[in-house]
1. For region 139-150, what are the residues that are touching a residue at least 40 places away in the same chain (Cβ under 8 Å) and in a loop (DSSP other than H, G, I, E, B)?
2. From the list Val416, Val486, which one is outside the structural domain of Val348 (by TED's automatic domain parsing) and either modelled with pLDDT of 70 or more or assigned to a helix (DSSP H, G or I) (or both)?
3. Among the residues that make up region 151-165, is at least one of them at pLDDT 90 or above, in the same structural domain as Pro232 (by TED's automatic domain parsing) and in a strand (DSSP E or B)?
4. Can you name the number of the only condition in (1) in contact with a Pro (Cβ under 8 Å, 6 or more places away or on another chain); (2) closer than 15 Å to Leu236 by Cβ that Val186 fails?
5. So which residues in region 105-138 are part of a loop (DSSP other than H, G, I, E, B) and of a type in the set (A, V, I, L, M)?
6. Looking only at residues that are among the aliphatic types (A, V, I, L, M) and under 27 Å from Val167 (Cα atoms) in region 229-270, which one is surrounded by the most Cβ atoms within 10 Å (Cβ to Cβ)?
7. Here are Ser276, Ser281: which of them is in a strand (DSSP E or B) and within 18 Å of Leu54 (Cα to Cα)?
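The values are calculated or read from the model by the stated rules, or taken from the named source; none is laboratory data. Predicted model only: the values in this text are computed from it and were never measured. Every residue, glycine among them, receives a Cβ derived from its backbone with ideal geometry; neighbour counts consider all protein chains shown.
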Amino acid sequence: MASSKNNLSFGTQGLGFQLLGLTIGTAAILGILLTAQGYFAAATALRGQAAAALLAGGRGTADGIDRWNESRGRDLRSLASARVFGRILEAGIDKAKKEDVDLASELMKSVASSSPEIESIGIMDQGGKFILATDAPTLGTVIPQRDYFKAAMEGKDFTSGVTISVVTKTAALFHSTPIKSPSGQVLGVLRSRASIDAVTKLVQADKNRVAQGAQGILIDQESLVVSSSLDPLAQLKPVVDLPPDLKQKMIDGKRWGPNKPPESMNDAALQKLAQSKEPTSGMWSAGGTDYQAAATPLHTLKWTYVAGLPVNSVSAGLSSFLKTVGLAATFLIVGAAILFVGALRQLVVRPLQNIVETMQRVASSDYGARCEVFADDEMGVVATQINETLDNVLRLVQSDEERVSLQRNVQQVLEVVSMASDGDFSKKVPVTADVLGNVADALNLMFENIAQIIGKIRDGASRVNGAAGEIQSGSSALAAESQKQVQDLARATSAVQQMAVRINEVADSAAQTAQAADTSRERAMAGREQVRQVIDGMEGMRSSVVKTLHQIKGLGDRSLEISKIVDTITQIAGQTDLLALNAAIEAARAGEQGRGFAVVAEEVRRLAERSSEAAKEISDLVGAIQQQTTESVRAMDDTAAGVERQVKAAYSAGATLEAIAELSQRAAELIASINKVAQQQVSSADEVVQSVDAATEISRRAAVNIEQTRSTTESLVRLADELNGAVQQFTV
């Protein structure tokens, strides 16, 4: 008997722990695997969604900064192509034509007024002196040490990092481009100074845009902070300690103006992101907060824009997903526990009911009743022991007293077993010294093991029920939040798609405007060529007028010479007439001998008179010619002056048309650049639409999974309630 009792005790303990260990172990393994899989899947999805949103937002901000910078540089390059700047630098500001200086000033003011960010545009000579500027404080400033001046004098277009202006004492961005002669020689530098308010607004607009707590920081090629939505006072702070030679070079170049260099941020992680050549993701910490970050290099500058989202914002969603996966694992454990209860009913309750029925028959004096052995386990051992006991009872019962005592003991066993079959394992079977002692001992041991198992199940069911309620509440809130996120992304997708349509319309309009600008430029060039032909004709006319004027003046001089000759002839005629008169007088005195001579003298006198009259007529004619010549000279002088005025007007018209042609060329280049940027914007918008669509699809799938989890949680709560109700039927 002792051996049987020990074996029974061992077997009962083994069955309970085997069932409990197998069920909980299997469920725990499945729960752990499912939880791990759900955790990594949720982490990957949420972090991927956050990275996609950060990269898309960062790309948009970087493109906006690129467009702003390209516009400033393009305006300056187009302006520098005007020949008037080269003429001023070649002649020197003191010897340059006034119309050239006025035209250059007007062109610079026109470009400066086209954008509110442009504070100043100026021309620097080869010594680094501003000889012409749109603002008075800049004029006359000599700063050859500036990096933008040195780079432009080497023939390069240059954009500085953010620098403190020596004139305004505020942060500014400088663009410079060389001014070249037709042969390619660098004559000077054209420089613009622009405030960075537009860049700061773009960076500040990224704050909380992707999600609550989102930040942005813009870093230049020398690891200085250009703008930060997290700390506006961080402007021009080095991200890490600068090399001594670079730091000294920046101090010499007045990078911080008259101020001392600020202390560095000592942020190696941010520096690593800032040095990225391609869009990349990483981690970044600031102010005790860890950020999931995305770095986006700019196209037109060697700058990098870093967008960050607090990790706890991402982890909040990750925790929700982790709870969701934990729900599934809990459901599996509870399901396994329910299966265990079913197995317990099959393995324990059914054999107990058979034992009760057998004992009831024995109590009715049916000593031939035997327990059915269902399996070779602990319950099978108990049934076998009872059967052996009944066999012994059948052999040993010889008297009525023994039968009465046995019946009483059997009745007690029956009562306890009956209570156990109803779920009450708190009672113990009295252990007697008769043949039922071993049976009572085995039943008590079995009931203790079952009570322990039921206690563990009841405790687990209670915890499952409480956890299931909490999970159900959290799951409902998560489902609502996920649905809201899907709706927000849907609205964002619609807005981005509308933006893409508008950008396409802008691109089409830019293309049409580019064609119109090309036509305008061609017509301006044709007009300029026609004015040049008019100028050439006017130059020829002026030469002809001057030549004719010289000829008329020469004719006047010849008429004066003729007048002198006529005067001489008149004098000779008078002398001849006087001599003829004297000869006639002498001939009359001579009488007949002088008669023939008197006739000759008379003829000579008449000839002298006619010569005198002819000379007078010639003199009158020459006088009239001289008067007309004087009037012609005066008229030709007026004509020459008029032609000179027309030539100057034609030159002015030519200069104006040349300026118009240059402006038309600049407008055509600007519109072509706008068209190019618009096409790039169309491509960027398509990428943003794809990113938002991907994020929307991820959120939609997450919402579906969360809704399924919420439904599963409701089922889990119901099952937990049922399990708790079933376990409460037992009394231990």
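1. Passing the criteria: Ile143, Gln145, Arg146.
2. That would be Val486, the only listed residue that is outside the structural domain of Val348 (by TED's automatic domain parsing) and either modelled with pLDDT of 70 or more or assigned to a helix (DSSP H, G or I) (or both).
3. So far as region 151-165 goes, yes, one or more of its residues are at pLDDT 90 or above, in the same structural domain as Pro232 (by TED's automatic domain parsing) and in a strand (DSSP E or B).
4. Of (1) in contact with a Pro (Cβ under 8 Å, 6 or more places away or on another chain); (2) closer than 15 Å to Leu236 by Cβ, only one is false for Val186: (2).
5. Result: Ala136, single match.
6. The residue in question is Val239.
7. Answer to the selection: Ser281.
Conditions (1) at pLDDT 70 or above; (2) of a type in the set (Val, Ile, Thr), marked per residue:
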site: Gln551; (1), (2): yes, no
site: Gly554; (1), (2): yes, no
site: Arg558; (1), (2): yes, no
site: Glu561; (1), (2): yes, no
site: Ile565; (1), (2): yes, yes
site: Ile572; (1), (2): yes, yes
site: Ala587; (1), (2): no, no
